[in-house]
Number of protein chains: 2
Amino acid sequence: MSAAVEPFKSRRVYLVLRDRIAGGALPAGARLPGEPDLAAEHGVARVTVRRALDQLAQDGLVERRPGVGTFVLGGTALPPATADFADVFTHLKEMGRRTEVRLLSFGYAVPPPPVAQALELLPGEAAQRAVRVRRTADGPFSYLTTHVPARIGQTYSEAELASQPLLALLERSGLRIGRARQSIGATLAGPDVAEVLEVGIGAPLIALTRLVQDEAGRPVEHLHALYRPDRFSFEMQMQRTGAEGERRWSPMVPAGAEPANANGTGREPSPRDEERTGS
Amino acid sequence: MSAAVEPFKSRRVYLVLRDRIAGGALPAGARLPGEPDLAAEHGVARVTVRRALDQLAQDGLVERRPGVGTFVLGGTALPPATADFADVFTHLKEMGRRTEVRLLSFGYAVPPPPVAQALELLPGEAAQRAVRVRRTADGPFSYLTTHVPARIGQTYSEAELASQPLLALLERSGLRIGRARQSIGATLAGPDVAEVLEVGIGAPLIALTRLVQDEAGRPVEHLHALYRPDRFSFEMQMQRTGAEGERRWSPMVPAGAEPANANGTGREPSPRDEERTGS
C-alpha cells in the first residue's frame, strides 16, 4: 500500500476504535490488534492506522508501548474528559488572571446578516469587529469573534481591547449591561480557526453565540465563540424544583454570586472557579 | 482527474467556503466561482467540489441554480441556525408530546470505568444500560446512552423504558430526585451514531454528560447524550447581578418554572417551550 497518510480514512479508523473503547468492546487494559491487522481490517495503509492510534494516545485513551503494543487506558472519561474549567454562570468579565488573550484582528466592517440583524443595525451599518484567542499555559482554548455597534466601539481603542475585557470597556463607556442570551452548539474547525486553536481541520468545537443587551434591552455586543472541547466545557448544576408531579429543574447559582434564588443548597465552589469564561 | 469522491478533501473545501461565507468574504447574493475554478483552486476533482457545494446547500448557506451557478443565501445564521428548541433548564421529564423516542438497546452490563466511578459502583458491578434515540417529525436529533445502578434498574422493564421517560420510572421506584450536574462539550460522530442520527461520519455533535443524584446525593443515573447541532441547541438567558464592579451573571429561570429567584424579569416564554429535552 502507499505510504501516504489518508486523513479521512485515518479519522474513520480513529472513530471506530474510539467507539469500541467507549462502548466497552475494548475494555481498560486490553491490547489493541497490531498495526498490520488493523490496516488489513480497515483496508488502509499502516501509516494511516498509526495516525489513528496517535490520535487515541493524544486523547489519553490508549498507551503506546513501543515494541509491545497499544493498550486501552483505564479511568478515562469518554468523550474526552472536559475540564471543570468554566462555569457558564460565573463571572463573564473578570477574566485574565490565569488566562491570556491575544487580539488577532481589530477593525470596522459590515457584519454578516444574522449578526447585523441581532445587533439591530441599519443596512450597510458597520460594527466594531474583533477576533481574539484565549489561552492557558496549556495552549489556546477559545476563538472569539465579537461585533459591537460602532457608536459604542468608538469608545475604546485597539490597544485597550488587547489588554482589557470587552465587557469592562463596554461598561466604561457608560453602558449598563442587562441581560445576555446565548445558544450552545457544535461545529467543525475550518482552516483558519484550526490553525489558531492548534487542532486539525475538521476537529470538533463547541460553538457559542451570545447576544448581550443593556438594561433597556438594546443589543450592545454579539459574541461568536469557538472552544476546544478537550480544554473547555460548560458545567452546570440543576436542582429539581416544583411540586411533585411538576418535574422541573432550575439552575443553581454559582457560589460567590449574589444568589437571588438562594435556597441554602448553593453549588459547591470549585477550585477552578477563578478561571473565567466570557469575553 | 479521477471521478472518485475524496471525502476529506471535500470536507476541507466545504469548510473553506463555509468560513468565507461566515467571514463575509462571500456576502449574501454573491455567486461562487464555477466548479472547474474551485476544483483547480483546491487541486481536487469536480465531483469533490460538487459534494462540498451540496453540503453548503444542505446547510442553507447557498442556493444551487442548475445551469446558472451557486449563490450565497442571505439571512442565514452562521454557524447553522440552531433551533430555539430546548431549554436546558426546562422540564427534563415531561417529554414525548412532540418528540418520539425509540429504544435501541436495553440490558445489564459493567459500564466503562468513568461511568462506574460516577455511579459509585463496586468493581465489576453491572448497571442497567439503555440506548435511545429521540426524534421529531424532522428526523432524529439525539442519541442517549443511560446507565442506572442495577438495584434501581430492576424496578422497570424494557417495555416500560421504551414508552416512558426514564426520570418518571426512577421516581416511580420511590427515588426522590435531587440535583443534576452536567457538562456540555463537542465531539465527532462515530460510525454507529452517525448511522442512527443520519449524519456523516465525522459530523460535529454536541456531547452532554449528566449525573443525576437523589436528595441524599446518591448517584441514580448517568446520561451521555449526543445531539445534532442543526436540530438542537442549548439556549439560556442570563442576567447581570451583583453590585457594580462585581460583574457577575446569574441564570434566569424559564417561564413556568417555580422561580425561587423571581425578580420580575423572567424569561419570555418561547412558543417551543413545550418541546422538552432530557432523558
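Rule-based calculations on the coordinates, nothing more; no lab input. A quick note: this is a predicted structure, and the numbers were derived from the prediction, not measured. In this analysis, Cβ positions are derived from the backbone assuming ideal geometry, glycine residues included, and neighbour counts consider all displayed protein chains.
Treating the point 7 Å from Cα along Cα-beta-carbon as the label, what are the nm separations from B:Ala150 to the other copies, to one decimal? Ordered by distance, the counterparts are at 6.9 nm.
Note on A:191-198: average number of Cβ atoms from other chains within 10 Å of each residue's Cβ is 2. The trypsin sites (Lys or Arg not before Pro) of region A:140-229 meeting both criteria, a DSSP state outside H, G, I, E and B (loop) and at most 13 other C-beta atoms within 10 angstrom of the site's C-beta, are A:Arg176. Less than 5 angstrom separates the built amide H of B:Gly178 from those of B:Gln213, B:Asp214, B:Glu215, all sequence-distant by 5 or more or on a different chain. Full extension of the segment from A:Ala168 to A:Leu104, taken as 0.36 nm per residue of separation minus the current Cα-Cα distance, would add 21.1 nm.
Gain in length, A:Gln117 to A:Arg46, computed as 0.36 nm per residue apart minus the alpha-carbon separation, to one decimal in nm? Let's see the in-between values first.
Working: separation 71, 0.36 × 71 = 25.56 nm, distance 5.04 nm.
Computed gain between A:Gln117 and A:Arg46 is 20.5 nm.
Where the alpha-carbon atoms of region B:86-251 are placed on the principal axes, they occupy 53, 41, 32 Å, in descending order.
When you count the other C-beta atoms within 10 angstrom of each residue and take the mean per peptide, B:215-221, A:229-235, B:199-205 line up highest first as A:229-235, B:199-205, B:215-221. Distances in nm, one decimal, shortest first, from B:Glu100 to the same residue in every other copy, taking the label point 7 angstrom along Cα→Cβ. Sorted ascending, the copy-to-copy spacings read 5.5 nm. Two decimals is fine: what is log10 I(q)/I(0) at q = 0.13, 0.15, 0.21, 0.22 Å⁻¹ for region A:157-243, from a Debye sum with one equal scatterer on every Cα and no solvent? Reported log10 I(q)/I(0), two decimals: -0.63, -0.79, -1.07, -1.09.
Shown for region B:7-72 is the translational diffusion coefficient from the Stokes-Einstein equation, using the Kirkwood radius over Cα pairs, a temperature of 10 °C and a viscosity of 1.306 mPa s: 138 µm²/s. Applying the Karplus relation 6.51 cos²θ - 1.76 cosθ + 1.60 with θ = phi - 60° to region A:11-20 yields 3J(HN,Hα) values of 5, 5, 4, 4, 5, 4, 5, 4, 5, 5 Hz, where x marks Gly and Pro.
A Förster radius of 30 Å, combined with the Cβ-Cβ distance separating A:Glu195 from A:Glu158, puts the computed FRET efficiency at roughly 0.85. Label-point spacing at A:Ala28 relative to the other copies reads 5.3 nm, in ascending order, each point sitting 7 Å out from Cα along Cα→Cβ.
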